[in-house]
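Computed from the coordinates by the stated procedures, all read-outs in this text should not be read as laboratory data. Keep in mind that this is a model prediction, so the values were computed, not measured. Counting neighbours? That spans all protein chains shown, and the Cβs are built from the backbone with ideal geometry, glycine included.
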Amino acid sequence: MNEQIDIEALKKDEKFLEDIKKLEEEVQNSDSVAKAYQLLDVKLALNEDEEGINELFQKIVNGAFTNIAKALESGNKFDISDAEDFATMRGIYEYAMQTYSENLKNQAQELFLALHHTTDDFELKDAFMVHAAAVGKDYTFEDFTNKLSKIDENTDLTDPKALFITDFVQPVDILLEMMKDEVEKLNKRLEKLEAAREA
């Protein structure tokens, strides 16, 4: 059985507080999305004030947008085993899911498509295409999460992919076949993007 972390004791632990202060300074003085996420996860665990958490998430999103714009421009792919690449993908994905939940479908679809285009992991690539196609097929966020996705409570949280929805009620290839017309439209958009980048 996992030992419960004593949050109140941590808040009084000088070494821990010193480490957080150091991390806050590092986040302040760098553009590292990975370090900002490290700090965010600590602040969430400590139930810190919402305003500070929102500000930090905004910094993450801004950094992630900068990184994905560079990747789209250069044609580089993100490697999930690289801490900075993974944090960038996580930031874009969490923001995309947030916009999807707020019914900002065009924006959400663009972000899922950008993730599909910039990842070098085939399982994630296909999963992001399912996300983008589902948005185009007018699935609401609730339908996507409740009827199309399979959320497994026993997910291995040490697996970085656990932060992304990759498991669906149907195998991915069948879903992509079912949404074939939308997938073709999205692939044409990606071809134009690639042609413009290489021009």
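May I ask you to verify whether V42 is over 15 Å from the mean Cα position of the chain (by Cα), surrounded by 15 or more Cβ atoms within 10 Å (Cβ to Cβ) and in a helix (DSSP H, G or I)?
So V42 fits the description; yes.
Can you name the number of the only condition in (1) in contact with a Phe, Trp or Tyr (Cβ under 9 Å, 6 or more places away or on another chain); (2) free of Cβ contacts under 8 Å to residues at least 60 places away in the same chain; (3) part of a helix (DSSP H, G or I); (4) surrounded by 13 or more Cβ atoms within 10 Å (Cβ to Cβ) that I165 fails?
(3)
All but one of (1) crowded, with 17+ Cβ neighbours inside 10 Å; (2) of a type in the set (S, T, Y); (3) assigned to a helix (DSSP H, G or I) hold for Y139; state the number of the condition that does not hold.
(3)
Kindly indicate whether A127 is of a type outside the set (D, E, K, R) and without any contact (Cβ under 8 Å) to a residue 24 or more places away in the chain.
no
State which residue pairs qualify: first residue of a type in the set (A, V, I, L, M) and inside the stretch 169-196, second residue not in a helix (DSSP H, G or I) in any location, beta carbons under 7 Å apart, and separation of 6 or more residues or different chains.
What qualifies is V169/K150; L175/F168; M179/K137.
Working only within the stretch 73-104, note down all residues that are of a type in the set (S, T, Y) and outside any loop (DSSP other than H, G, I, E, B).
The answer is S74, T88, Y93, Y95, T99, Y100, S101.
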